[in-house]
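Chemist: After the structure tokens below, expect a handful of questions from me.
The values are calculated or read from the model by the stated rules, or taken from the named source; none is laboratory data. In this text, all values refer to a predicted model and were calculated from it rather than measured experimentally. We place every Cβ from the backbone using ideal geometry, glycine too, and count neighbours over all the protein chains shown. These area figures cover heavy atoms from the full protein model, side chains too; ligands, DNA and RNA do not enter into them. Shrake-Rupley method; radii C 1.70, N 1.55, O 1.52, S 1.80 Å.
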Amino acid sequence: MDINWEENEGHEELIRKVTSDGSRIHALVIDSVFVNNFSNLREIDANKTAKALEKNNRVSGLRLEASFELRTPIMELLYTTLAAMTKTASIYGPFRGDSTFSVRHATILRNMPFIKLLHLQSRFANEQVFRELHAALNDHSSLENIYLVIPTESYPMILPALNSIRTLKFVTLAGSHGISSSILPDAAFAIAGLLRSMGQGSTQSATFNFLNLDVRTERSQEILCQGIAASRIFCLSMMEISFADPSTLAIAITASGIRSLTCHGLRFPGQQTADFFRTMAQSVHLLTHLERMHIGRDAILEHRVGNGADQRATELANDRAIAQLVSAAAQCLKLKSLTIFVHEFVSDLDEALAACVAPDNDKLKHIAVHCSSLSDDAPKLNESPWLAEALKSNYSVCTIRLQSGRIEPWTANFKSSLQTIPMLNMAGRKYLKLDIGDDAAGLQMLGAVRNHLDCIFYHLAHENPSLCEQARSRARERMLQQRRRPFPVAALQGHAWVG
């Protein structure tokens, strides 16, 4: 549970909450009300509260949601106590709004050597703060997840401190309103160094996320792409990022050997978005270990180019390029999950998805297509014939989700029918491929989908009609066996008949 100090509560209520038996405390929420109340406490009451916090070993999360000024001894007592809870403590979003990261904040962070998650969103007061924060991060040998929303010009002074943290598994670099998000060459060098250090040793499943950043200079992109290509991270996510050259980025991604890729809302100069997807399509086969791919354009389409016919032509070109990449991804035989964001469900995408669900792709299990279809003149597809036909010979796909925006490109009947085979696959339809005569496996599969009549009717009518006869024969045989059993005369002995 979360513990809050309400405005009408005193320190006694906080002590009661923290020390009471019950469920584990996942987060102690410290907001501005808490700070004001605690700052006004008498020293003796502040000591009692601090001791109560210190004795509670069940606090696993610490959420600081205010701009803190450590000016009073009582506030320093609070922070010293909180810093002592280092076994499983985490910090979520401690610095927000217009607050700046101070030397005292860095000292507190340094006194929490075992935190696993750090969400830092702040500006910095001066260079001394950088040095203190660098030293604090160097001491965190157990840090696993860090989310940084800080000015990009501070990357060269902050990110090198993370290179030595071998437990680091998740890094998110994000831009935000009011904080500079342009990646200059020095910042790109720092990011590239961190990319190279991750994915080594115990952090082979490392994830690197870029969100809402601007890499428009060619030199910065060149440096960053070199780091991506040389990295051995597990997952790379790039959302709402501006780049200078699509080809350089696509080549770097396919050279990285990643297993999970998210490219969503990438922005390039002019109308070069389609060039990125086409270049990716030419070399995606190099990602031999790719397991998950999440690609597409902006779901809300905020970054359109041109108006009217020109805009529609640009959007169709991007959708066809995405379809080309999806078709090429069929060569990634370890692909398990595929998510696509497009404007319109073009016929090219239907054929591309059909290639992905070919019988030899027995690893792919999940497909999701998000189609915005914002224009009234978008083509309407009653069905996707290539995908529907290819699914008949596929035994691995377990879920297919078709989602659309204001204009629905599919009929309700088709969307419903498209769920039938995946549900049967999840229930064990593969027995048709292994041994179609295995009636026990067939009946077990039908039992798993007994609440979905469409699945039962489809399987019995189109895939294994003999299973229905076998089930009927078995039921008839059981009935005959019951009739042939000898009448239990001994059970009637001692009972009187009423005539």
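Chemist: Beyond 32 Å between alpha-carbons counts as too far, so tell me which of 169/430; 116/415; 334/415; 169/433 fall in that bin.
Modeler: 169/430; 116/415; 169/433
Chemist: Starting with the highest mean, order 334-341, 458-465 by the number of other Cβ atoms within 10 Å, averaged over the residues of each peptide.
Modeler: Final packing ranking: 334-341, 458-465.
Chemist: Can you give the direction-averaged projected area of the convex hull of the alpha-carbon atoms in the stretch 397-464, in nm²?
Modeler: Seen from a random direction, the Cα hull of the stretch 397-464 projects 4.9 nm² on average.
Chemist: Using θ = phi - 60° and the Karplus relation 6.51 cos²θ - 1.76 cosθ + 1.60, list the HN-Hα couplings for the stretch 344-351 in order, rounded to whole Hz, with x at every Gly or Pro.
Modeler: Once θ is set to phi - 60°, the couplings for the stretch 344-351 become 10, 7, 6, 4, 4, 5, 4, 5 Hz.
Chemist: Tell me, what % of the accessible area of the stretch 205-331 is carbon and sulfur with a 1.4 angstrom probe?
Modeler: Ligands and nucleic acids excluded, carbon and sulfur give 48 percent.
Chemist: Suppose R0 equals 22 Å; then what is the FRET efficiency for residue 443 and residue 289 from their Cβ-Cβ distance, rounded to the nearest 0.05?
Modeler: The computed FRET efficiency comes out at 0.05.
Chemist: Under a point spin-label approximation (7 Å from Cα along Cα-to-Cβ), what is the residue 232-residue 209 distance to one decimal in nm?
Modeler: 2.5 nm
Chemist: Another question, if that's okay. For the stretch 184-262, what value does the Rg/Rh ratio take when both radii are computed over Cα atoms and Rh is the Kirkwood radius, given to two decimals?
Modeler: Using Cα coordinates only, the ratio equals 0.94.
Chemist: At 7 Å along Cα-to-Cβ for each site, give me the label-to-label distance between residue 454 and residue 216 in nm.
Modeler: In this crude spin-label approximation the distance works out to 4.8 nm.
Chemist: Taking H placed 1.01 Å from N in the peptide plane, check which residues at least 5 places from residue 339 or on another chain put their amide H under 5 Å from its amide H.
Modeler: Hits under the 5 Å cutoff: 293, 294, 295, 368.
Chemist: Quickly work out the residue 103-to-residue 434 label distance, labels modelled 7 Å from Cα along the C-beta direction, and quote it in nm with one decimal.
Modeler: So the label points at residue 434 and residue 103 sit 6.8 nm apart.
Chemist: Give me the 1.4 Å probe accessible area per residue for the stretch 132-226, excluding ligands and nucleic acids, in Å².
Modeler: 39 Å²
Chemist: A follow-up question, please. For residue 392 and residue 139, FRET efficiency with R0 = 45 Å and r from the beta-carbon atoms, rounded to 0.05?
Modeler: In this case the efficiency is close to 0.15.
Chemist: Could you give me the ³J(HN,Hα) list for the stretch 212-220, computed from phi with Karplus coefficients 6.51, -1.76, 1.60 and θ = phi - 60°, whole Hz, x at Gly and Pro?
Modeler: Karplus-based 3J(HN,Hα) across the stretch 212-220 equals 6, 10, 10, 10, 8, 7, 5, 5, 4 Hz.
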